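The values are calculated or read from the model by the stated rules, or taken from the named source; none is laboratory data. These figures come from a predicted structure and were not determined experimentally. Cβ coordinates were reconstructed from backbone atoms using ideal geometry, including for glycine residues, and neighbour counts include every protein chain displayed.
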Amino acid sequence: MDWRELALCRREDPDLFFPIGAINSGLVLIQTDEAKAVCRRCTVTERCLALALSAEPVEGIWGGTSEGERRAMRRCVSRESRNATENAA
Ligand code: SF4
């Protein structure tokens with residue numbers, strides 16, 4: 001079985017996971033929180049997040065994270081990788 005078949009968001013309005021509007025507007029924040037609440041109950045969160053992190057850029061809420069949060073995660077991994085390379089040299 002494909003993990004996507006277990007995705008809880010399949011039972012939700014897809015628009016919930018793609019908030020439209022100014023990043024910090026009230027409606028976007030509410031919608032983002034509601035989408036993340038679905039993700040917290042989902043059993044395939046890790047696989048979903050891994051896919052979103054590997055397929056840049058991906059809009060919307062994936063694996064319980066927003067685009068901005070995934071960007072920050074990528075920067076952090078990139079920085080750690082660079083530090084490890086510098087420390088090994
Ligand atoms: S983690 Fe969220 S976006 Fe990913 S499959 Fe589950 S419900 Fe959908």
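Some notes on this structure:
- Of the residues making up segment 22-71, those that are more than 16 Å from the ligand (Cβ to nearest atom), surrounded by 12 or more Cβ atoms within 10 Å (Cβ to Cβ) and not in a loop (DSSP other than H, G, I, E, B) are VAL28, LEU29, ARG71.
- In segment 21-34, the residues that are on the phi < 0 side of the Ramachandran plot form Cβ pairs under 7 Å with partners that are in a loop (DSSP other than H, G, I, E, B), at six or more places apart or across chains, as follows: LEU27/GLY21; VAL28/PRO19; VAL28/GLY21; VAL28/ALA22; GLN31/PRO19; THR32/PRO19; THR32/ILE61; THR32/SER66.
- Only residues that are at pLDDT 95 or above, in contact with a helix residue (DSSP H, G or I) (Cβ under 8 Å, 6 or more places away or on another chain) and more than 9 Å from the ligand (Cβ to nearest atom) were counted in segment 5-21, giving 1.
- Odd one out for TRP3 among (1) out of contact with any Lys or Arg (no Cβ under 7 Å at 6 or more places or on another chain); (2) touching a residue at least 12 places away in the same chain (Cβ under 8 Å): (1)
- For segment 1-21, the candidate set comprises residues that are closer than 19 Å to GLU59 by Cβ and aromatic (Phe, Trp, Tyr); within that set, the residue that is surrounded by the most Cβ atoms within 10 Å (Cβ to Cβ) is PHE17.
- Scope segment 1-21; condition part of a helix (DSSP H, G or I) and of a type in the set (A, V, I, L, M, F, W, C); matching residues: TRP3, LEU6, LEU8, CYS9, LEU16, PHE17
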